[in-house]
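This report refers to the structure that appears directly beneath it.
Each reported figure results from applying straightforward, stated rules to the coordinates on display, with no laboratory input. Keep in mind the model is a prediction, meaning the values are calculated, not measured. Cβ placement follows ideal geometry from the backbone for every residue including glycine, while neighbour counts extend to all protein chains displayed.
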Amino acid sequence: MSLLVIENLSKIYKSKKKTIHALDNISLEVEKGDFVTITGPSGSGKTTLLLTLAGMIKPSSGKISFNDFHIEKASDRRLAGYRKKNVGFVMQSFALIPYLTALQNVMVPLSLVNSRSSIQKSKAKKVLEMVGLEDRIYHLPKELSAGQQQRVAIARALINNPSVIFADEPTGNLDPALSGEILKTFKEINSNQKITILMVTHSPQAAEYGNKNIRLCDGKLI
Amino acid sequence: MNIFKLVFLELMHRKSQLISGLVAIVLGIAVIVGIKTVTIHSEIAVAKKLDNLGANILVLPQGANIDDYYTADIDAPTIPMEYVERILTSSLQGVDNLSPKLTRRIEINGKKVVLTGIMPASEIASKPIWQTNGLQGNELKASCSPTKTENQDNGYKDEKLQRKVIDTLDINDCLVGSQIAITLSLKENDKITIEGKEFNVDKVLPETGTIDDDRIFAHLTAVQELLKLEGQISAIEIMGCCNAISDGLLNDLRNILPDTRITTISQIVATQIETNGMMNRLSFVFLIIIIFVGGISIGNYIWANVNERRKEIGTLRLIGAPKSYIYRILLLKAIVLGVFGGICGYILGTIAAVYLGPQVAQIEVFPITIYFWYSLIIAVVISIIGSLIPAYLAGKIEPYSNMQEV
């Protein structure tokens, strides 16, 4: 059974002057354990697709089901619960909270599910160790390099054992060497933990890490 | 990690913002606490002054003047005793003690004396100077303090004396003013004949330096019988609460007793009463101002904070924080600001009152603990109210504030 089923998904932005089809009748199935890369030119709808799958943007039409949970119909509270329990996010800008240490940043998602502080700490340490940051756990984001910050973001995405990770240009702010390291980390997570990954990227090299690649142009799958 | 720690760490991260956000609320609370603390102590000072003066309201017959009362003119008009009952059965607030009396000038052994009929218990209560001179041992209380019921345990130094003077001033007993005692060579337990009736000198009153030194006090009923003025009195002396006087007690009394003349000696402290009233009004105005200014200031601070934290709030939403979690973060922050602002405002206001009170109002000022809780409640409520709109708008921040292309 597919983890994510997308049927005839469309997202239309209307303004006074024109109508933009950000997503145009997209149908797609993502299996558990897939590493899907989403490529396409700027403005092709890659990020809109990711946001819609994450329940952050309501589609204009179509259906999205995640393990029989209908994202397009869900309330704001249920969507927050869906993201909290099933989804990890990795952003190009890292999206770390500036006044929290690496350890505290990773602990935040666990605090949202009311996990005990001692459990939060031990789990967060373990995950940071897994991404190779065991000696940086008490550092603030500003004290970390870009690559290290992105690893903290990955650790935060992994902490709640998500079914799927949505990554939006995760290597966009990194040099090629660091990009390779981060992509390898994603690959390991996908292979070892069987976590499904949907990654938006501009880079053809990054796209090669996925086992499936979809390409968007003007909101359509090509 | 929990929501409290998250709020605390964020506050510590932006300390300078925190201080600027607190300034308005701290100053506002400090001003209110300062004014109210000085005002309360000033009111207590006024109340004590009035108590020390004894009775501060005089109810006289319509045609009488104060001179008639003090000179005890033989033809001075009287009022019915029933007027006392009328006051007692009314719902008037601030009447602490009533002392009806009948006064007439008489002659004893060729000497002119003022005979005054009194209701003993109420007379003693309205004469603080007698109390402090051994007739009653309880501490003076401000007239605004709760009224004590008759015969309650007042902590008298001499229980026997208290009973003797207050409860058993017999129909044949009298109290003699110090000057009259000298003039008529009277001492305790002597016999004296007044208008053909023999009285026992129960007590020679201590010197007060007032007209009371030239009086003989006997039981009102006995005096009424002697003067053939049953059911009649010359005046009612009232100890009125100073606040009640300034709130219109005199007019209320005039309404109950329309055919009487009601005067007060509270003019002595009128300026202070007026100042207290002004301070009370001023603190109310400040309260309104602080609610608006403090609320707007906190709201502005929280809104600036929300704008600065858009990405952070977006991140929290992204990783699964519901809107309610964002509201809780901001309202918790507002509560912390309120608590901190309330405490600092109370401390600042109290210190200002304690140091400035003696200079501004010539009174000694002490901290008022209850204002600590009021400060806390007011500051927290203002902070929460000020934060409601920014918190609501923060909940509307979309989780994708961190994403590309959108």
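Brief remarks follow.
- Selected from A:105, A:192, A:160 as most flexible by GNM, with chain A as the system and alpha-carbon contacts under 10 Å: A:192
- Pairwise FRET efficiency - residue B:230 versus residue B:191, Cβ, R0 = 35 Å, nearest 0.05: 0.90
- Chain A: angle of helix A:146-158 to the longest principal axis, Cα-based, in degrees nearest 10: 80 degrees
- In terms of other Cβ atoms within 10 Å, B:371, A:138 run from fewest to most in the order A:138, B:371.
- Tensor-based shape of chain A (alpha-carbon gyration tensor, a/c under 1.5 rounded, otherwise prolate or oblate): prolate
- Volume per residue of the C-alpha convex hull in the protein assembly as shown, rounded to whole Å³: 220 Å³
- Prolate/oblate/rounded label for region B:168-246 (Cα gyration tensor, a/c 1.5): oblate
- Amide H contacts of residue A:60 (H built 1.01 Å from N, in plane; Pro and chain starts excluded): A:10, A:11, A:12 sit under 5 Å, all sequence-distant by 5 or more or on other chains.
- Per-peptide average of other Cβ atoms within 10 Å, ordering A:83-90, B:105-112, B:39-46, A:140-147 highest first: A:83-90, B:39-46, A:140-147, B:105-112
- Theoretical FRET efficiency, 1/(1+(r/R0)^6), r = Cβ-Cβ of residue A:17 and residue B:328, R0 30 Å, to 0.05: 0.15
- Sequence-ordered 3J(HN,Hα) estimates for region B:302-313 from the Karplus curve with 6.51, -1.76 and 1.60 and θ = phi - 60° stand at 5, 5, 4, 5, 4, 4, 5, 9, 3, 5, 5, 5 Hz, glycine and proline given as x.
- Sparse-neighbour loop sites [GluC sites (Glu not before Pro); region A:163-222; at most 12 other C-beta within 10 Å; DSSP]: A:208
- For the segment B:2-12, counting C-beta atoms of other chains within 10 Å of every residue's C-beta and taking the mean gives 3.
- Residue among A:102, A:191, A:113 farthest towards the positive dipole end of region A:56-196, charges placed on Cβ: A:113
- Likely footprinting exposure, B:212, B:252, fewest C-beta neighbours within 10 Å first: B:252, B:212
- In plain terms, the chain from residue B:65 to residue B:184 could stretch by 39.9 nm, reckoned as 0.36 nm per residue minus the Cα-Cα distance.
- Listed by Cβ neighbour count within 10 Å, with the fewest neighbours leading, B:19, B:296 appear as B:19, B:296.
- Computed over neighbours whose Cβ is under 12 Å from that of residue A:128, the net charge equals +4, Lys and Arg +1, Asp and Glu -1.
- Using the Cβ-Cβ distance between residue A:119 and residue B:339 with R0 = 30 Å, the FRET efficiency computed as 1/(1 + (r/R0)^6) comes to roughly 0.50.
- Amide N of region B:9-51 lying under 13 Å from the label point, which is placed 7 angstrom from the Cα of residue B:300 along Cα→Cβ: B:20-25
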